[in-house]
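Below is one structure, written out as structure tokens, with a few remarks after it.
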Amino acid sequence: MAAPSVVVSSPSLRARGLEVARGLREAGLLREFVTTLGWSRNSRWYRTARAIGTGLGRELERRCVPEALDGCVHACGWREVVRVATHRLTRNEVWTDRVWWWAERGYDRHVARRWAGRVDCIYGFELSSLETFRAQKRAGGRCVLAQPIAHYRTLEGILREERRKFPEAATEYDQHLEASLSRVNAIKEEEIALADLIVAQSDYVAETLRAAGVPTDKIVALPSAAPPVQLPRTEFPRDQVIFLSAGSQSLRKGTHYLLQAWRSLKSHTGLKLWMVGNNTLPATFTKDLPGEAWASPAVPKPRLLELYRAASVLVLPTLAEGFAYVVLEAMAAGLPIITTRNSGCGSFVQDGVNGWLVPAGNAAALADRLQWCADNAARLPAMGEASRARAARWTWDDFVQTHNRLIIEFVGSGRNGAKEHHA
């Protein structure tokens, strides 16, 4: 009997989708990895285009797939080219989202026409798999849904409350997203209903699915893994404590509570706050911040890695996530972590050992942890080493092995393989 075949459909080239595909290929299950823009470094046209210029080369590099997937990547990316061009030409989030919506729907229809019913299982990601799942189920095939973030009811409830408390923070983009919720949520709801197995990116995501009434027996929580740990840090910042907030600076990320906590510290002497990432909060939120605080737009990955190694503590007071990969990146770089359980990284952060979990939306509790770090700077290096050790215990190879066992049982037995998996 032939081995079951799986198509992984991932519009982006995020690490989780690539590692899912790599593992399935190693297990002999992967028929194709489908994405928007992705190519091999070994292709002739990639090498030719790479020689044209460094700017184009950097963009091409971002879209490269690992060598482990050479020969099994199907790219359908002209719509993605239009989306990227729209973003770069307009820098308008509303227009970019409208083009993304058109591109995502077209991508889903393409995958449905080409692959649905031709393989045993389609492995798709939230909001890009509805037409594919519909066609696959009509053909008698099976569907796995990767759920990267909290269930939309949880997410909406949190954001609605924050906008009620901070109405001045609502942007034109927020209003646009609010107006499109019904069509977006309808797709998410049907994808969940059609899925035979849902792989949640964290225990937190799985809990929000259960709270929304999704059957427990088709949910499995499997966290993403840490990147390779960096060499031990030879020194931490001296005579200062640098708090790093990396990622988008927004209501959902809890940046406004970080700013409240920062303002409430009893002294800012010897303290720095670095906020790196696109900021969607009004300028009034960051106006006249005390002490040494600066904000920067998003930076390339190499620069972000440098900031990890220059900082003292990563602070991510997020209100709702799926799995905040920035936490594991910072841990692998040897940073203590201050975050919330809603980051999805609760199993990676142990209070007082390598950081703290603070209640989401609680500026006072966050300020207490910031103040402790300021008063106990000499203890931070040991906490950073504890972070490195914890990150090293759950690598992408660990993820792949665990995920492969899950999918092999699922596609091989005709039953879903939903079980709890802990990193």
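The values are calculated or read from the model by the stated rules, or taken from the named source; none is laboratory data. What you see is a predicted model; the values in this text were computed from it and never measured. In this analysis, Cβ positions are derived from the backbone assuming ideal geometry, glycine residues included, and neighbour counts consider all displayed protein chains. The accessibility values were calculated without ligands, DNA or RNA, using every heavy atom of the protein model including side chains. Shrake-Rupley method; radii C 1.70, N 1.55, O 1.52, S 1.80 Å.
Remarks
- Global geometry of segment 112-248, whether rounded, prolate or oblate, following the gyration tensor of its Cα atoms and the 1.5 cut on a/c: oblate
- Taking K272, K188, K137 and ordering them by how much accessible surface each has at a 1.4 Å probe, largest first, produces K137, K272, K188.
- Once all protein chains are placed together, T284 keeps about 100 Å² accessible to a 1.4 angstrom probe.
- Accessible-area order (highest first, 1.4 angstrom probe) of the listed residues K301, K253: K301, K253
- Our coupling estimate for segment 234-246, obtained by passing each phi through the Karplus curve with A = 6.51, B = -1.76, C = 1.60 and θ = phi - 60°, is 7, 7, 9, x, 9, 6, 7, 10, 10, 8, 10, 10, 10 Hz, Gly and Pro reported as x.
- Global size of segment 178-219 as Cα Rg and Dmax, reported in angstrom: 11.1, 33
- Residues whose amide H lies under 5 Å from that of G355, counting only those 5 or more places away or on a different chain, are I337, Q350; hydrogens are built 1.01 Å from N in the peptide plane.
- Under 5 Å, built H, 5+ apart or other chain: amide partners of V73: F33
- Centroid-to-centroid separation of segment 205-246 and segment 129-192 [C-alpha atoms, Å]: 22
- Over the chain: helical MRE at 222 nm, DSSP H runs n ≥ 4 each giving -39500 (n - 2.57), nearest 500: -14000 deg cm²/dmol
- Under-5 Å amide H pairs with E321, H placed in peptide plane, nonlocal only: A150
- Once all protein chains are placed together, S12 keeps about 50 Å² accessible to a 1.4 angstrom probe.
- Pairwise Cα inverse-distance average, inverted: Kirkwood Rh of the chain (Å): 22.6
- The relative contact order of the chain comes to 15 percent, based on Cα pairs under 8 Å that sit 6 or more residues apart.
- For segment 266-275, 3J(HN,Hα) per residue [Karplus equation, 6.51 cos²θ - 1.76 cosθ + 1.60, θ = phi - 60°, Hz, x = Gly/Pro]: 5, 8, 10, 5, x, 10, 9, 10, 10, 10
- Working from Cα pairs under 8 Å separated by at least six residues, relative contact order for segment 93-180 is 26 percent.
- Bins of 5 Å, starting at 0 and running to the largest distance - Cα pair percent for segment 274-372: 2, 12, 21, 24, 24, 14, 3, 0
- Segment 299-340 and segment 69-113 have Cα centres lying 28 Å from one another.
- R0 of 22 Å, Cβ-Cβ distance R163-T284: FRET efficiency to nearest 0.05: 0.90
- Segment 164-267, relative contact order in percent, only Cα pairs under 8 angstrom and at least six apart counted: 19
- With θ taken as phi - 60° and the Karplus curve 6.51 cos²θ - 1.76 cosθ + 1.60 applied, the whole-hertz 3J(HN,Hα) list for segment 113-123 is 5, 7, 10, 4, x, 9, 9, 5, 9, 9, 10 Hz, x standing for glycine and proline.
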